[in-house]
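The structure's right below; bear with me while I get my questions together.
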Amino acid sequence: MPRPPKSVDPAVSRRMIGNRSSNTKPEQRMRSLLCELGYRGYRLNVRKLPGRPDIVFVTKRIAIFVNGCFWHRCPKCNYGTPKTNAEYWQTKFATNRARDRRNLRELRRLGFRVLSVWECEVLKDESRLKRKIKALFAQ
Ligand SMILES: [Zn+2]
């Protein structure tokens with residue numbers, strides 16, 4: 001993976017080089033939704049699992065990802081590619097997407113049910129999200 005362009009904000013750059021960011025506002029919202037629905041006993045950012053899922057119910061084998069719309073290329077938000085260093089960004093985004101798909105496959109192979117949600121869904125479409133969560137646990 002090429003290094004991020006120098007012009008990028010150091011905090012952003014750290015996030016890009018390292019792993020997924022954690023404890024973002026959408027993640028916090030997701031956790032309070034789970035709490036409201038009575039689903040407790042999860043673990044956060046489980047490093048030993050593929051993709052380090054944000055929220056994991058270990059014994060139920062459920063993994064939840066809250067994906068940032070920009071980094072993971074949400075189709076709804078449809079953020080454009082930054083004009084500066086466009087080639088770098090295209091590679092970066094393609095790599096992110098490929099990694100997301102690979103992690104999903106590996107988790108399923110390990111017997112996990114996986115829910116991936118976009119941060120915009122968490123922040124804007126709560127009732128739909130609640131239905132999704134309930135469906136996930138009802139399986
Ligand atoms: Zn989005």
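Pull out all pairs, ordered by first then second residue, where Cβ-Cβ is under 9 Å, the residues are six or more apart or on different chains, the first lies in segment 96-125 and is more than 20 Å from T81 (Cα to Cα), and the second is away from the ligand (no atom under 16 Å from the Cβ) and of a type in the set (S, T, N, Q).
Short answer, once both residue conditions are applied: R113/Q139; V114/N103.
I would also like to ask the following. Could you tell me whether R131 is free of Cβ contacts under 8 Å to residues at least 24 places away in the same chain and under 18 Å from M30 (Cα atoms)?
Details: free of Cβ contacts under 8 Å to residues at least 24 places away in the same chain: yes; under 18 Å from M30 (Cα atoms): yes.
Spelling it out, R131 is indeed free of Cβ contacts under 8 Å to residues at least 24 places away in the same chain and under 18 Å from M30 (Cα atoms).
R52 is checked against (1) within 16 Å of the ligand (Cβ to nearest atom); (2) surrounded by 16 or more Cβ atoms within 10 Å (Cβ to Cβ); (3) in a loop (DSSP other than H, G, I, E, B) and fails just one. What number does that condition carry?
The failed condition is (1).
If T91 satisfies all but one of (1) among the polar types (S, T, N, Q); (2) in a loop (DSSP other than H, G, I, E, B); (3) over 24 Å from K25 (Cβ atoms), what's the number of the condition it fails?
With respect to (1) among the polar types (S, T, N, Q); (2) in a loop (DSSP other than H, G, I, E, B); (3) over 24 Å from K25 (Cβ atoms), T91 is out only on (2).
Then there's this: Based on what the data block shows, is W71 within 16 Å of the ligand (Cβ to nearest atom) and at negative phi?
yes
Separate question: Sort through R99, R128 and tell me the only one that's part of a helix (DSSP H, G or I) and farther than 16 Å from L33 by Cβ.
Among R99, R128, only R99 is part of a helix (DSSP H, G or I) and farther than 16 Å from L33 by Cβ.
Okay, moving on. Which one of these does T84 not meet: (1) within 16 Å of the ligand (Cβ to nearest atom); (2) part of a loop (DSSP other than H, G, I, E, B)?
Result: T84 fails condition (1) only.
For segment 111-128, does any single residue satisfy the condition of being loosely packed, with under 13 Cβ neighbours inside 10 Å, more than 16 Å from the ligand (Cβ to nearest atom) and over 22 Å from E27 (Cα atoms)?
Taking every residue of segment 111-128 in turn, at least one turns out to be loosely packed, with under 13 Cβ neighbours inside 10 Å, more than 16 Å from the ligand (Cβ to nearest atom) and over 22 Å from E27 (Cα atoms).
Continuing with this model, one more query. Quick check, is N78 within 16 Å of the ligand (Cβ to nearest atom), of a type in the set (S, T, N, Q) and in a helix (DSSP H, G or I)?
no
Here's something else I'd like to know. Report the residue count in segment 58-70 for those that are under 18 Å from P26 (Cα atoms) and surrounded by 19 or more Cβ atoms within 10 Å (Cβ to Cβ). Give the derivation first.
Residues of segment 58-70 that are under 18 Å from P26 (Cα atoms), as a first pass: 63-70.
Next, from what is left, pick out any that are surrounded by 19 or more Cβ atoms within 10 Å (Cβ to Cβ): 63-68.
Residues meeting the conditions: 6.
Out of the residues in segment 83-96 that are surrounded by 16 or more Cβ atoms within 10 Å (Cβ to Cβ) and farther than 29 Å from L110 by Cα, state the one that is nearest to the chain's Cα centre (by Cα).
Checked segment 83-96; the qualifying residue nearest to the chain's Cα centre (by Cα) is W89.
While we're looking at this one, here's another question. Here is a list: R108, R102, R43. Which entry is touching a strand residue (DSSP E or B) at 6+ places or on another chain (Cβ under 6 Å) and away from the ligand (no atom under 13 Å from the Cβ)?
Just a single option satisfies the conditions, and that option is R43.
So A63 passes all but one of these: (1) over 26 Å from S32 (Cβ atoms); (2) under 14 Å from the mean Cα position of the chain (by Cα). Which condition number does it fail?
(1)
Considering only residues of segment 92-115 that are at pLDDT below 95 and polar (S, T, N, Q), which is farthest from F65 (Cα to Cα)?
T95
The values are calculated or read from the model by the stated rules, or taken from the named source; none is laboratory data. Predicted, not measured: the structure shown is a model, and the values here were computed from it. All Cβ positions, glycine included, derive from the backbone under ideal geometry; neighbour counts span all protein chains shown.
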